[in-house]
1. What whole-number value in cubic angstrom gives the convex hull volume per residue for the C-alpha atoms of region 95-176?
2. Ranking E209, E79 by Cβ neighbours within 10 Å, fewest first, what do you get?
3. Report the local net charge at E101: Lys and Arg +1, Asp and Glu -1, summed over other residues whose C-beta lies under 13 Å from its C-beta.
4. Stretched out fully, how many nm does the piece from Q31 to L197 gain, at 0.36 nm a residue minus the Cα gap?
5. First measure r as the distance between the Cβ atoms of R24 and E214, then evaluate 1/(1 + (r/R0)^6) with R0 = 41 Å and state the FRET efficiency to the nearest 0.05.
6. Determine ³J(HN,Hα), in whole Hz, for all residues of region 139-151 in sequence, where each value follows from phi through the Karplus function 6.51 cos²θ - 1.76 cosθ + 1.60 and θ = phi - 60°; x replaces Gly and Pro.
7. Can you give the Rg to Rh ratio of region 1-95, both from alpha-carbon atoms, with Rh computed by the Kirkwood formula?
8. Determine the sum of side-chain charges near R184: Lys and Arg each +1, Asp and Glu each -1, restricted to other residues whose C-beta is under 13 angstrom from that of R184.
Amino acid sequence: MPIDYQAAREDLVRSLRAEIREERLLAAFAQVPRERFVPPELQRYAYDDRPLPIGHGQTISQPLMVAIMTQALELRGDEKVLEVGTGSGYQAALLSLLAREVVSVERIAELAEAAARRLQELGYANVRVFVAGTGLGWPQEAPYDAITVTAGAPDVPTSLVDQLAMGGRMVVPVGGRRLQQLVRVTRSERGVTMERLGECRFVPLIAPEEGWPEWEASDNGAAPWP
Ligand SMILES: C[S@@+](CC[C@H](N)C(=O)[O-])C[C@H]1O[C@@H](n2cnc3c(N)ncnc32)[C@H](O)[C@@H]1O
């Protein structure tokens, strides 16, 4: 029997309601077809609230975690948002419904190209995907009103704080290679404030200066499957 993805999506949104209050965000989850962002052989698990492998040792993040991170950005609709770690493009699709413009960078060119194609096919026209350079983020288009970092950094990356607009918010997993704290960073004229939002588990942010070294990239803590 064919899977009723629409019903599965509605079930997921119902379960997210236990933790997420923002109606615009829930409406975005009700709209984006997560099954189109996972490999065909895993499509039947697309609405399980868990990360799934997307190839190259990387993952599409757990929906609840994506929701918590996105809610913490407090988007109202007119923001320019940077995502570091495009992966499948799923979170970029959600962000595109919640903000004016999304710039998303991914270090693995094959993932970036596949995500860009997918986002274009699905009509998410206000997202642009770039292959990451040697530095973090995409400074040539800064400042951003909000930044989401979807891979774990050893510390809050200063170069990304520098890409935040005044009043801008960034969410970033910070800690060890396998277990991190989700941190919200807010930049204001008075300086930078940081709040811990809870424990999380992300693949490592790979970068020469403010990330983890590439040679350890295969040991990335990605969710094992099955
Ligand atoms: C958990 S996955 C992203 C999930 C993604 N947001 C989604 O919705 O599918 C983390 C991604 O960050 C990427 N990444 C790691 N280090 C990076 C860096 N320095 N710059 C850009 N992307 C990076 C990984 O290749 C991986 O695709």
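1. On the way: hull volume 8.3 nm³, N = 82.
Expressed per residue, the convex hull around the Cα atoms of region 95-176 is 101 Å³.
2. Numbers: E209 10, E79 20.
Going from least to most buried by this count: E209, E79.
3. Values: positive: K80, R100, R128; negative: D78, E79, E83, E141, D145.
With Lys, Arg at +1 and Asp, Glu at -1, the net is -2.
4. Details: separation 166, 0.36 × 166 = 59.76 nm, distance 2.60 nm.
Working it through step by step, the gained length comes to 57.2 nm.
5. Numbers: r = 37 Å, r/R0 = 0.91.
Using R0 = 41 Å, I get an efficiency of 0.65.
6. x, 5, 10, 5, x, 10, 6, 8, 9, 10, 10, 9, 9
7. Details: Rg = 13.0 Å, Rh = 13.8 Å.
So for region 1-95, dividing Rg by the Kirkwood Rh gives 0.95.
8. Details: positive: R169, R187, R196; negative: E74, E195.
Around R184, the charge tally is +1.
Each value in this text was obtained by applying a stated rule to the coordinates, not by laboratory testing. Every value quoted in this text rests on a predicted model; they were computed, and no experiment measured them. Backbone-built Cβ (ideal geometry, glycine too); neighbour counts: all protein chains shown.
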